[in-house]
């Protein structure tokens, strides 16, 4: 059964009530164009590629093998994940994306190439980590170009916060990798500060340094357009201690 994205709205508080702790959110739900082809993907390909976020994930059951497992959070239109599944065939991939058009587009691309080493969650990444992946050890987590929330008052919504990287550390094996990328310089600096202060992670480029883009991260069409406009891109690659 297809999981529906969770709401990001805050419930109204009663007068005098104690505010509830802010919960980590990996997304904000925005409406986008949902094409007929993307809608058909859920009918034709969800059974093959879709995963239920409320059920414990079993890699052997999903892929029929034990292989290094990579999680990409917020895969957008799926260009990177589709490329990874084809060019890193010895690895298995989990993708998490709350926006249905992107999930539909990626399922169509995976099916067209008959790629069997990718599975997808259409759900909030935090809940996927806590519920479906509770006992799973990942070899790598990738978070490429998360929402930068550029306005100062919005920055508390940014995904890369101390509690989130601590949550990831509980799911990545010792020696595993966390790879982040952003094209917003102030977010890159925040990411760097958060990871440098995280005791579970070691900067592979050296303390306080950004990494060279690894060959496993392609330049997507979106990124190339930004580079042409003069935007910088910053990669961070950390190893789980």
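The values are calculated or read from the model by the stated rules, or taken from the named source; none is laboratory data. From a predicted model like this one, the values you see are computed outputs, not experimental measurements. As a convention, Cβ positions derive from the backbone with ideal geometry for all residues, glycine included, and neighbour counts pool all protein chains shown.
Taking every residue in region 206-220 that is under 17 Å from residue 185 (Cα atoms) and pairing it with any residue that is in a loop (DSSP other than H, G, I, E, B), at least 6 positions away or on another chain, the pairs with Cβ-Cβ distances below 9 Å are 211/204; 211/205; 212/205; 213/219; 213/233.
A quick yes/no check of all residues on (1) over 13 Å from residue 50 (Cβ atoms); (2) under 16 Å from the mean Cα position of the chain (by Cα); (3) without any contact (Cβ under 8 Å) to a residue 12 or more places away in the chain:
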residue	(1), (2), (3)
75	yes, yes, no
81	yes, yes, no
94	no, yes, no
115	yes, no, no
118	no, yes, no
121	no, yes, no
125	yes, yes, no
128	no, yes, no
131	yes, yes, no
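Residues in region 153-187 that are part of a helix (DSSP H, G or I) and farther than 20 Å from residue 232 by Cα: 153, 154, 156, 157, 162, 163, 164, 165, 166, 167, 168, 169. All told, residue 173 meets the bar of being under 26 Å from residue 90 (Cα atoms) and at pLDDT 95 or above. Filtering region 123-139 to residues that are within 11 Å of residue 73 (Cα to Cα) and either in a loop (DSSP other than H, G, I, E, B) or touching a strand residue (DSSP E or B) at 6+ places or on another chain (Cβ under 8 Å) (or both) leaves 123, 124, 125, 128. Residues of region 188-240 that are over 19 Å from the mean Cα position of the chain (by Cα), closer than 18 Å to residue 163 by Cα and assigned to a helix (DSSP H, G or I): 189, 193, 196. Given the structure, is residue 145 in contact with a strand residue (DSSP E or B) (Cβ under 7 Å, 6 or more places away or on another chain), in contact (Cβ under 8 Å) with a residue 60 or more places away in the chain, at positive phi and surrounded by 16 or more Cβ atoms within 10 Å (Cβ to Cβ)? The answer is yes for residue 145.
Being modelled with pLDDT of 95 or more, farther than 23 Å from residue 91 by Cβ and touching a strand residue (DSSP E or B) at 6+ places or on another chain (Cβ under 8 Å) is the requirement here; does residue 188 meet it? Considered against the rule, which asks whether it is modelled with pLDDT of 95 or more, farther than 23 Å from residue 91 by Cβ and touching a strand residue (DSSP E or B) at 6+ places or on another chain (Cβ under 8 Å), residue 188 comes out as yes.
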